[in-house]
C-alpha cells in the first residue's frame with residue numbers, strides 16, 4: 001500500500017491511498033505516526049468494509065466519516081454518516097466568520113483515492129494548481145541508509161532539515177527522520193526549529209545559525225544553538241542565567257579554514273578558559289565546516305582534530321565531535337569522529353554519490369494548451385522563441401520563475417520530459433508559464449511533464465546554470481504543492 005500526503009485546507013494534512021481488496025487497516029492507522037501529533041485524526045470512507053476490520057483496534061480519538069445511507073451502530077467508533085459525496089461537500093463548504101470551513105480544521109485526514117471520494121479529496125486539497133514537487137520518502141530513507149552503511153556502529157548521524165529540508169518540506173521530513181531513528185536534526189534558524197517542535201518532533205535540534213537576540217524562543221522550544229564567537233557565548237550564558245537554566249547544551253564551531261564563522265586555533269586557550277568559568281551552558285559538541293572536497297578538506301580535518309582534541313581534553317565531561325558532510329562521508333571516512341552531518345546526499349542530488357542513491361524530489365506539471373504556430377512567428381516575451389521556416393507544435397506548461405524555475409533556463413537551455421521525449425523550452429520563461437516545443441512528440445493537453453527529476457536531473461539544471469544542485473532544490477517556491485509518497489514498508 002502506498003500513501004500520498006499533501007497539504008489540505010485549514011491547516012489540515014491530507015493522506016490518500018489506493019484502495020484494493022487486500023487493504024491493511026493496521027498500516028492505514030500507522031500512517032498517523034508520520035504526521036503532526038498536534039492535529040486531530042479523521043478517516044473518510046465510502047463503505048463499511050474498512051470499519052469492520054477496525055473494530056478490534058478502535059480508537060475513540062479517531063473520527064470516521066462514512067458515505068453510506070445505511071448506518072451501522074458500532075459503539076466503539078465515532079462515526080458521522082452522509083448519504084453521498086455531495087452531501088459531505090455541502091458540509092465542507094459551510095464557512096465560518098473567518099471564511100474557512102468549520103467542518104475540517106487542524107486535522108490529519110486519511111481518505112481513499114477512489115472514484116466515490118475524488119470530489120471530496122479535491123475540495124479538501126489546499127492547492128489546486130497542477131504544478132507539484134513530488135517527494136518520495138521511501139527513496140529518502142534508502143539514501144540515508146546508504147550513508148549509514150559507511151559509518152561505524154557508534155557514529156551518530158545528524159540530518160539537515162534547514163531551508164525547509166532543502167525545499168522538500170518541514171515536518172513531513174522530520175517525522176520520517178524520527179521514525180527511522182536519526183540522532184538529531186540540523187536547522188539554520190530558530191523559526192525552523194520551532195516549526196518542527198510544533199509538529200511534534202522530539203529529536204534534538206541544533207540551530208546552526210541562531211539568532212542570539214531571540215534566545216527565549218530558542219530555549220522554550222528546547223533547541224540547541226551553535227556558538228561561533230565570544231560575544232554570542234557570553235550572551236547566551238547570560239540569557240540562560242536569566243531564565244534559570246543550567247548546563248544548557250551548546251555546540252562550539254571551529255574555524256578550521258573555511259574562514260566564515262568559528263573560533264580559531266589562536267583562540268583555543270581563551271575559549272577553554274571562558275567555557276570553564278560559565279555556569280549555565282555545557283558544550284555538547286565541537287564541530288567544523290568543510291570548505292572543499294579535496295586535499296584542502298583533509299588539511300582542515302587534521303587542523304580540527306588537533307584543536308578540538310585540546311578543547312575536549314580540557315573539559316571535565318564527554319563532548320562529541322563532528323566535521324563530515326555528505327561528500328565527507330564518501331571521501332574521508334577515517335574522520336567520522338562521533339557524528340556526521342548528512343545534507344544534500346540524502347536527497348539523491350550529490351554529484352559524488354548520485355549513481356548510488358535514488359532521486360527523492362521530482363518537479364512536475366501538465367500541458368494546459370497545445371497550438372500549432374505557423375512558420376515565421378515568435379513565442380513569448382521579447383519574441384525570443386523563433387519558429388523558423390516550418391510550423392511548430394507548442395505546449396504551454398503552468399510553471400515559471402515565480403515557481404522557482406530559473407529564467408536563465410529559457411530559450412532552449414533546458415527541456416521538459418513529455419511521454420519519455422525531450423521537449424525543449426522555447427522562448428523566455430514567464431512568471432507563471434513556460435512554453436515547450438512538442439513538434440514530433442505524441443502529446444495531448446493534460447499530459448504530465450517532468451521539469452526535473454530523472455531527466456533532466458537537478459544536477460543537469462545546476463550545470464546549465466553554473467550553480468549547484470542545492471540552489472535548484474531550494475528555489476522551488478512555496479506555492480508549488482508538495483506531494484509526499486510513502487509505502488507501508490516504512491510505517
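The values are calculated or read from the model by the stated rules, or taken from the named source; none is laboratory data. What you are looking at is a predicted structure, and each value in this text was computed from that prediction instead of being measured. Don't worry about glycine lacking a Cβ; one is built from the backbone with ideal geometry, like all the others, and counts go over all protein chains shown.
Scanning region 241-254 for residues that are surrounded by fewer than 20 Cβ atoms within 10 Å (Cβ to Cβ) and either in contact with a strand residue (DSSP E or B) (Cβ under 9 Å, 6 or more places away or on another chain) or outside any loop (DSSP other than H, G, I, E, B) (or both) yields a total of 6. Can you tell me which residues in region 183-213 are assigned to a loop (DSSP other than H, G, I, E, B) and under 18 Å from residue 37 (Cβ atoms)? Selection gives 199, 200, 201, 202, 203, 204. Against the conditions (1) surrounded by 15 or more Cβ atoms within 10 Å (Cβ to Cβ); (2) touching a helix residue (DSSP H, G or I) at 6+ places or on another chain (Cβ under 7 Å); (3) not in a loop (DSSP other than H, G, I, E, B), residue 485 satisfies every one except (1).
Among the candidates 414, 464, 439, the residue that is surrounded by 23 or more Cβ atoms within 10 Å (Cβ to Cβ) and not assigned by TED's automatic domain parsing to the domain that holds residue 164 is uniquely 414. Just one residue in the set 356, 392 is closer than 27 Å to residue 447 by Cβ and either more than 23 Å from the chain's Cα centre (by Cα) or at pLDDT below 95 (or both); that residue is 392.
If you go through region 163-182 one residue at a time, do you hit one that is part of a strand (DSSP E or B) and either in contact with a helix residue (DSSP H, G or I) (Cβ under 9 Å, 6 or more places away or on another chain) or within 27 Å of residue 338 (Cβ to Cβ) (or both)? No: region 163-182 contains no residue that is part of a strand (DSSP E or B) and either in contact with a helix residue (DSSP H, G or I) (Cβ under 9 Å, 6 or more places away or on another chain) or within 27 Å of residue 338 (Cβ to Cβ) (or both).
Quick one: would you say residue 324 is touching a helix residue (DSSP H, G or I) at 6+ places or on another chain (Cβ under 8 Å), surrounded by 13 or more Cβ atoms within 10 Å (Cβ to Cβ) and either without any contact (Cβ under 8 Å) to a residue 24 or more places away in the chain or in a helix (DSSP H, G or I) (or both)? No: the conditions fail for residue 324. Applying the condition of being touching a strand residue (DSSP E or B) at 6+ places or on another chain (Cβ under 9 Å) and in contact (Cβ under 8 Å) with a residue 60 or more places away in the chain to region 93-109 and asking which residue is nearest to residue 43 (Cα to Cα) yields 109. Restricting the first member to region 273-299 and to residues that are more than 24 Å from residue 225 (Cα to Cα) and not assigned by TED's automatic domain parsing to the domain that holds residue 317, and the second to residues that are in a strand (DSSP E or B) and at pLDDT below 95, no beta-carbon pair is closer than 9 Å while six or more apart or on different chains.
Within region 344-358, being part of a loop (DSSP other than H, G, I, E, B), in contact with a strand residue (DSSP E or B) (Cβ under 9 Å, 6 or more places away or on another chain) and surrounded by 20 or more Cβ atoms within 10 Å (Cβ to Cβ) holds for 348, 349.
Do we find that residue 257 is out of contact with any strand residue (DSSP E or B) (no Cβ under 6 Å at 6 or more places or on another chain), farther than 26 Å from residue 106 by Cβ and assigned to a loop (DSSP other than H, G, I, E, B) in this structure?
Spelling it out, residue 257 is indeed out of contact with any strand residue (DSSP E or B) (no Cβ under 6 Å at 6 or more places or on another chain), farther than 26 Å from residue 106 by Cβ and assigned to a loop (DSSP other than H, G, I, E, B).
Which members of region 396-431 meet the condition of being assigned to a strand (DSSP E or B) and closer than 18 Å to residue 458 by Cα? 415, 416, 417, 418, 421, 422, 423, 424, 425, listed by residue number.
May I ask you to say which residue of 420, 427 is within 27 Å of residue 17 (Cα to Cα) and free of Cβ contacts under 8 Å to residues at least 60 places away in the same chain?
From the options 420, 427, the qualifying one is 420.
Scanning region 177-187 for residues that are touching a residue at least 60 places away in the same chain (Cβ under 8 Å) and within 18 Å of residue 350 (Cβ to Cβ) yields one hit, 186. Restricting attention to region 461-477, the residues being touching a residue at least 40 places away in the same chain (Cβ under 8 Å) and assigned to a loop (DSSP other than H, G, I, E, B) number 3. Candidates are the residues of region 177-198 that are closer than 20 Å to residue 151 by Cα and at pLDDT below 95; the one that is surrounded by the fewest Cβ atoms within 10 Å (Cβ to Cβ) is 181. Summed over region 128-164, residues that are closer than 20 Å to residue 405 by Cβ and either under 14 Å from the mean Cα position of the chain (by Cα) or surrounded by fewer than 19 Cβ atoms within 10 Å (Cβ to Cβ) (or both) total 9. Taken over region 442-461, the criterion of being surrounded by 15 or more Cβ atoms within 10 Å (Cβ to Cβ) and closer than 21 Å to residue 355 by Cα is satisfied by 450, 451, 452, 453, 456, 457, 458, 459, 460, 461. All of (1) under 23 Å from residue 172 (Cα atoms); (2) touching a residue at least 40 places away in the same chain (Cβ under 8 Å) hold for residue 128 with one exception: (2). The requirement of being under 11 Å from residue 167 (Cα atoms), assigned by TED's automatic domain parsing to the domain that holds residue 414 and either part of a strand (DSSP E or B) or touching a residue at least 40 places away in the same chain (Cβ under 8 Å) (or both) is fulfilled nowhere in region 450-460; no residue meets it.
In summary, residue 174 fulfils each of the numbered conditions (1) in contact (Cβ under 8 Å) with a residue 40 or more places away in the chain; (2) buried (at least 17 other Cβ atoms within 10 Å of the Cβ); (3) within 19 Å of the chain's Cα centre (by Cα) with the single exception of condition (1). Of note, residue 112 does not satisfy the criterion of being more than 30 Å from residue 433 (Cα to Cα) and without any contact (Cβ under 8 Å) to a residue 40 or more places away in the chain.
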